[in-house]
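Enquirer: Structure incoming, see below.
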Amino acid sequence: MRRITVSLPDDLADQVKRAAGGERRVSSYVAAALEDYSEREDLEQLLASWNAENPVPMEIRRQVQGELDAVGLADRAGRDDRMAG
């Protein structure tokens, strides 16, 4: 385990403390959040690589996006098409 110092805007620091359940839990909360972020980034890189080698036809992309939209699973992060290469 290694200790580092990170500077955050006051509002964000307060939000993290609340979400973590108190100041003593901030380190484990931030570590878990960064681990989750790293896993998502790795997955996005894997999917992008796979798509470069095996492109998904536009018709299939539209069909999948429509099905995701229909069940309320459209991308909420603002990235409209994760399958696009």
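What follows is calculated from the coordinates using simple rules that are stated; it is not laboratory data. Please read all numbers here as calculations on a predicted model, not as lab measurements. Note: ideal-geometry Cβ built from the backbone for every residue, glycine included; neighbour counts use all protein chains shown.
Enquirer: For the chain, what are Rg and Dmax over the alpha carbons, in angstrom?
Expert: 18.1, 50
Enquirer: What is the spin-label model distance, in nm, from ALA52 to ARG40 if the labels are put 7 Å beyond Cα along the C-beta direction?
Expert: The answer from the label model is 2.2 nm.
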